[in-house]
Every structure is written in structure tokens, then in C-alpha cells.
Amino acid sequence: MVLSIAVSKGRLLDSFIEILEKAKYPCDNLKKETRKLVIESKEAGLRFILAKPADVPTYVEYGAADLGVVGKDTLMEADKNVAELVDLGYGRCQLVVAIPKALGITNVTDLDFNSRVASKYPRITLEFFNKKGIQVEIIPLNGSIELGPIIGLSEAIVDITETGRTLVENGLVVIDTIMESTSRLIANQVSLKTKRQEVFDLVKAIEGVI
């Protein structure tokens, strides 16, 4: 049986291809320039669905894909009923709280009551501040989150960062880290039963090269 895998284009896909090839799953079709959104690798017994990162957990939960590759941050924000199988170890970043350096604040508890926090992770952000007993107003954004404080839309942001360079260049400093994130291999709950052997073989091969 063919396994379908939802994954987003870019570095996540490139790194996943590298892992699959080391695990002896040929992925030549994925390397070709194409506008196709569904690509088959018959030799490997795999079908790839090229999706937006935020949509990957949805495709997997509803069975449109047997498996998916997604960042832990996106997975937690989506909060879907899927099984997390393997920490793939790449795409490492941190989800942080950052504010304008000019404010001189060093702790989230020093934020003013009902401060506005811009983020594309509203669920994680609200849960984080609720656990700390801090009342904030969440402003959902999908573009350049760093713009929030610059244009006066928000006092703080919650966003992912790899090196922190973009934050620094926009006059922002990190005052707390919510979580660390890496890419994960996830699975549809039904596929784990109906395609158990295929999934097991793939996971075993991947774990052998990570």
C-alpha cells in the first residue's frame, strides 16, 4: 500500500528528502521543478502532498494524508487528533515572547495589564499567559509579526526565531521562551492501524538514519 505524506515546500521538505534518501526511499520526483501539489514516488511507495505548514495537521487528522511532517510549534497550535511518531531533529527554533528593547522590560510579569500581544500562535500564546496569571489581549497575525510593536499594534509579540537576528534588527528583545520546536513526523490515527506495517517500516528506517 502507498503511504501519503503531507509536507510543506522549502527547508522542511529538503531536509526530509535527505533523511528519506539516507533511509533508502528514492525521492527523485520530489527534486524536479514542478507546480504539481501531489507527487508520487512509486519506487518508494510514497505519495507526497505539498501543503501549507498550518494545513498539514488538518490533512493528517482527516485522513487526506496518512503521515505529515510539521514543526512542533505548528502542531501544538493546531491541536489536532494525530499521533506524533518521530522527532526528526531539524528545523530547530524557539517560540519566544519579545518586546521593544526601548521598553526596558525583562520579565513578562512586568507587562501592563491587558497588554496587546500579536502572534500567529493565538492558542499557545493565550495558554502561556493564562498559566502565568497574566491578562493580555491576543491579536492574531499571519504576516511579519515583528511589525506589531513597530507600528503600535501591540506591546509584545510571540513568534518563532532561529537566531534572533530578525528580532534584533527590528529593535526587539526576548523576555521569555515558551518552547523549543523541531520537525515531527505525525500520523493519522486510522492509518496507524490500516497501514501499520508500512508506517512501522518507514519509522524504523527513519530512526535508523537520524
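A short reminder: the numbers here are calculations on the coordinates, not readings from a lab. Model, not experiment: these values are computed from the prediction.
If you average 1/r across every pair of different Cα atoms in the chain and take the reciprocal, what Kirkwood value do you get, in Å?
Numbers: mean 1/r = 0.0542 Å⁻¹.
Its Kirkwood hydrodynamic radius stands at 18.5 Å.
With the alpha-carbon atoms of the stretch 93-180 aligned to their principal axes, the span from lowest to highest coordinate is 30, 25, 22 Å, starting with the largest. Highest GNM mean-square fluctuation among Ser154, Ser144, Ser181, for the chain modelled with Cα contacts below 10 Å: Ser144.
Taking amide H as placed 1.01 Å from N in the peptide plane, the amide H of Glu137 sits under 5 Å from that of Ser115, Arg116, Val117, each at least 5 places away or on another chain. Cross-link reach is defined here as a Cα-Cα straight distance under 20 Å, omitting same-chain residues fewer than 8 places apart; for Lys132 the aspartates and glutamates meeting it are Asp73, Glu77, Asp110, Asp112, Glu155, Asp159, Asp176, Glu180. May I ask which of Lys72/Lys193; Lys9/Lys131; Lys80/Lys195; Lys31/Lys193 have a Cα-Cα span longer than 26 Å here? The pairs that break the limit, which is 26 Å between Cα atoms, are Lys9/Lys131; Lys31/Lys193. Note on the chain: with a GNM built from Cα contacts shorter than 10 Å, the maximum mean-square fluctuation among Asp55, Asp28, Asp66 falls on Asp28.
Cross-link reach is defined here as a Cα-Cα straight distance under 13 Å, omitting same-chain residues fewer than 8 places apart; for Lys22 the aspartates and glutamates meeting it are Asp14, Glu207.
Please work out the Cα center distance from the stretch 83-132 to the stretch 49-66, rounded to the nearest Å. Answer, in whole Å: 25.
Comparing Glu40, Glu77, Glu169 in a Gaussian network model of the chain, where Cα atoms under 10 Å apart are tied by springs, the biggest mean-square fluctuation is seen for Glu169.
On full extension, the segment bounded by Asp112 and Val203 gains 28.1 nm, given 0.36 nm per residue less the C-alpha separation.
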